[in-house]
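This report refers to the structure that appears directly beneath it.
The values are calculated or read from the model by the stated rules, or taken from the named source; none is laboratory data. Given the structure is predicted, the values throughout are model-derived calculations rather than measurements. Cβ coordinates were reconstructed from backbone atoms using ideal geometry, including for glycine residues, and neighbour counts include every protein chain displayed. Note: areas computed on protein heavy atoms with side chains; ligands, DNA, RNA excluded. Shrake-Rupley method; radii C 1.70, N 1.55, O 1.52, S 1.80 Å.
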Amino acid sequence: LQGRLQASLDTQSVADLIESLGAHGQTTPAIVRPVQGDPKAEFEVIDGSRRRFASAHLGLPLKAIVADLSDKDAALLTETADASRKHSAYETGVKWRAWLEQRLFETQDALAQWLSVSAGDLSFKLSLAEMPYPFVVSLGGHERLSRELGRRLSRFVGRGKALERLDELRGRMSKIGDLAREGNW
């Protein structure tokens, strides 16, 4: 439910926090909630993914506040926490798409109203979120995706959706991402 793309966390993107935690320890706790019915996890990180990664990398326990939150409360908390951070349009779209898929909001309009964002901005970010992550990585990563290229890709995805060819488009994008990862442009 939170905005940080877990796949984008690596020692380079979290280097500043790894250095800080190594030198000073963890000064701000993460916020987690208990997970039910998942044998692989006891808790879900609501706020503090970078701290979780850095702590794990350094072999340190993660200090966290455990809160019993509903999905909607967790979404509100992540939105409040994310407001002070810079997340890419792609990351934000992925988060908002997940909220819609989990039916935290019945419609895009209800979500836009709750977030106090325009329907156009919501639609733009949700369209970006339709792109497979390997394709976004092939463009240099979500944090390097320029606003202009994002707008063009958003319109492209919108056209694919309107023509009922979104699955085909996503398949082609995934293939481009795979070829880029292999170095076979």
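Some points to look at:
- Where strands (runs of 3 or more DSSP E) fall entirely within the range 1-79, those with at least 2 residues that are crowded, with 18+ Cβ neighbours inside 10 Å are at 30-34, 43-47.
- Test: residue in the range 58-68 that is under 29 Å from G150 (Cβ atoms), out of contact with any Asp or Glu (no Cβ under 7 Å at 6 or more places or on another chain) and aliphatic (A, V, I, L, M): no
- Residue satisfying all of: in the range 125-165; β-branched (V, I, T) and within 22 Å of G183 (Cβ to Cβ); least open to solvent (accessible area, probe 1.4 Å) among these: V136
- Residue within the range 99-116 that is touching a Ser or Thr at 6+ places or on another chain (Cβ under 8 Å), open to solvent by less than 50 Å² (accessible area, probe 1.4 Å) and free of Cβ contacts under 8 Å to residues at least 12 places away in the same chain present: yes
- Against the criterion of being touching a helix residue (DSSP H, G or I) at 6+ places or on another chain (Cβ under 6 Å) and either within 25 Å of D16 (Cβ to Cβ) or open to solvent by less than 90 Å² (accessible area, probe 1.4 Å) (or both), S88 qualifies.
- Residue identified as acidic (D, E), part of a helix (DSSP H, G or I) and within 24 Å of Q6 (Cβ to Cβ) among E91, E148: E91
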